[in-house]
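Comments concern the structure below.
Any read-out appearing in this document is the output of simple, stated calculations on the displayed coordinates, not a laboratory observation. The model shown is predicted, which means the values in this text are computed figures rather than measured ones. Because the Cβ atoms are built from the backbone with ideal geometry, glycine has one as well, and the counts that use them run over all protein chains shown.
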Amino acid sequence: MSKPIRITTPLSGEDVERLQAGDEVLISGVVLGARDAAHQRLFELIQAGQRLPVDLEGQVIYYVGPTPPRPGAVIGAAGPTTAGRMDPYTPALLARGLKGMIGKGTRAREVIEALRKYRGVYFAGIGGAAALLAKHIKEAEVIAYPDLATEAIRRLVLEDFPAIVANDCHGGDAYRDAREVYRRERELTG
Amino acid sequence: MREIAASQITDTVAQLCMQAAYCLPDDVVAALRAGVEREQSPRGKAILRLLLENADAACGERTPLCQDTGLAVVFADVGQEARIIGDLDEAIHAGVRRGYTEGYLRASVVAHPLARTNTGDNTPAVVHTRLVAGDKVHLFVAPKGAGSENMSALRMLKPADGVEGIRRLVLETVEQAGPSACPPLIVGVGLGGTMEMAALLAKRALLRRVGQASADKTTAALERDLLGRVNATGIGPSGLGGTFTAMAVHVETYPCHIASLPVAVNLQCHAARHAEAEL
């Protein structure tokens, strides 16, 4: 494995173009924390042609619903949640300027196509490593939908947050490719 | 009759919720360690090491292993010679409420599947109570995250589908889950009974010590067969490729109708959290 690539948000078009599926990255800078309920609200606003409470241009969304912080802590445990549940909303967000997402699990064909069309990237985080990943979050603040509690939209400041490029803007798919490498057809069906 | 105060049950459930959320059980840690040796993909090995490091940090710092601290599934085996002073069910929910609030665990329960308003304290729990012999109360708290629960499946097969049908359903479920269920998995399979019985068997299969084979020879052979196949899918740790897709396949069986072959597959992520106590 090669050395991780350091990237800083917001992502430029150039940043996105050079990333390839399978690359290891360390992400630093501001990202938005949001998951199911917030996506549904953003999507409904887009459909109604209304203003969004956050600017998505060049942004990265981290699919996360953290545990409550202990007193004095920045955030509780904060690992990635399953990205596939956000698939129905994602192409609309990419069309609004969203450049990247951090989550876990495979994406729908529509999302992979939208990443190509709008030049975006999807990063896979390590699911279930939430205590460690929280250490890479240096600031956390709810900036929209506080009524959604863990599902509110947060402004998160990341520092060297480890992830792997799962889907790049060129059609590359690390989950698909990696599975093929270690698949043993004979043992599977024999 | 041996008397047990409901408040004692509440205290115990609260403690178990916190313990389960912070500290991965020894058998799961051992299985992940063995996985580091068995995994052939360098990336897979690195991910398994990271998960062990995460487990260490979480337990030491009393931070949840995973931000999805789950829906609290509680198995209560109540001895018929024990007399509970107070309301057992309410005592369990109160324990979950306290454990999740005082332990800084995430409230992940919505009051209605469609209205979807968060209850704010992770109640209610899903409680499975059984009346058993003796005068003890055994409590088993197994918080279940949605990542793996969502990818589980149940099918009413025909008896003619046999082992081949079971294999197909297990592999289909694991492959469809891919990275989303957070492998390396424990695959719980419930075989037989009725529809609801198969699901409960599959859930109970996850409570077994990781890798402990079924006492029944035929079932144990099926477990080995299924594990070999699951680990040939190539999915690997975090679904980023590898040979250690599952730590174990546990199969629990029950007699069934002459016309039935119910099969439930309950997937468990690598954060296989559970904690138990006897009162």
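Estimated at 0.36 nm per residue, the fully extended path between A:Val54 and A:Lys138 surpasses their Cα-Cα distance by 28.2 nm. Taking only Cα atoms and a 10 Å spring cutoff, compute GNM fluctuations for chain A and point out the largest among A:Pro66, A:Pro88, A:Pro80. Looking only at A:Pro66, A:Pro88, A:Pro80, the largest GNM fluctuation is found for A:Pro88. Using a Gaussian network model of chain A whose springs link C-alpha atoms within less than 10 Å, name the residue from A:Arg155, A:Arg176, A:Arg119 with the highest mean-square fluctuation. Result: A:Arg176 has the largest fluctuation of those listed.
Each label point was placed 7 Å from the Cα along the Cα-to-Cβ direction; for A:Gln47 and B:Val163 their separation is 5.0 nm.
For the residues of B:227-240, the average number of beta carbons from a partner chain within 10 Å of their own beta carbon is 6. Taking every DSSP beta bridge that has both ends in chain A, the antiparallel portion is near 60%. Both the radius of gyration and Dmax for chain B are 18.9, 58 Å, in that order, over alpha-carbon atoms. Once you have a ≥ b ≥ c as the square roots of the Cα gyration tensor eigenvalues for segment A:83-128, tell me rounded if a/c is under 1.5, and otherwise prolate or oblate according to whether a/b is larger than b/c. The shape class here is prolate. A cut-off under 12 angstrom between Cβ atoms defines the neighbours of A:Val30, and their net charge, with Lys, Arg +1 and Asp, Glu -1, is -1. Rounded to whole numbers, the Karplus 3J(HN,Hα) couplings from phi for segment B:107-115 are 7, 10, 10, 9, 5, 9, x, 9, 5 Hz, using 6.51 cos²θ - 1.76 cosθ + 1.60 with θ = phi - 60°, and x at Gly and Pro. Computed per residue of the protein assembly as shown from DSSP H runs no shorter than four, each worth -39500 (n - 2.57), the mean residue ellipticity at 222 nm is -10500 deg cm²/dmol. Remark: for residue pairs B:Lys158/B:Lys217; A:Lys99/B:Lys144; A:Lys3/A:Lys117, the C-alpha separation exceeds 25 Å in A:Lys99/B:Lys144; A:Lys3/A:Lys117. Structure note, pairs A:Lys104/B:Lys45; B:Lys45/B:Lys203; A:Lys104/A:Lys135; A:Lys138/B:Lys45: Cα-Cα distances above 20 angstrom occur for B:Lys45/B:Lys203; A:Lys138/B:Lys45.
Going by a ≥ b ≥ c, the root eigenvalues of the Cα gyration tensor, does the protein assembly as shown fall in the rounded group (a/c under 1.5), the prolate group (a/b larger than b/c) or the oblate group?
Oblate, because a/c is 1.5 or more while a/b does not exceed b/c.
Of the beta bridges in chain B, as assigned by DSSP with both residues counted there, near 55 percent are antiparallel. Placing unit charges on the Cβ atoms of the charged side chains and taking the dipole of chain A about its Cα centre, the candidate lying farthest along the positive direction among A:Gln50, A:Phe123, A:Pro10 is A:Phe123.
Among B:Thr69, B:Thr123, B:Thr173, rank each residue by its count of other Cβ atoms within 10 Å, from fewest to most, as a rough exposure measure. Provide the component values of the computation, followed by the final result.
Values: B:Thr69 31, B:Thr123 20, B:Thr173 24.
Sorted ascending by nearby Cβ count, the order is B:Thr123, B:Thr173, B:Thr69.
Here segment A:5-189 is described by how far its Cα atoms reach on the three principal axes: 52, 39, 33 Å, from widest to narrowest.
With neighbour counts taken as other beta-carbon atoms within 10 Å, the residues B:Phe140, A:Phe43, B:Phe244 rank, fewest first, as A:Phe43, B:Phe140, B:Phe244.
Could you line up B:Ile9, A:Ile27, A:Ile137, B:Ile85 from fewest to most neighbouring Cβ atoms inside 10 Å?
Numbers: B:Ile9 28, A:Ile27 25, A:Ile137 22, B:Ile85 13.
Sorted ascending by nearby Cβ count, the order is B:Ile85, A:Ile137, A:Ile27, B:Ile9.
Within the protein assembly as shown, antiparallel bridges make up roughly 55 percent of the DSSP beta bridges whose residues both belong there.
For segment B:106-254, the convex hull drawn through the C-alpha positions has a volume of 146 cubic angstrom per residue.
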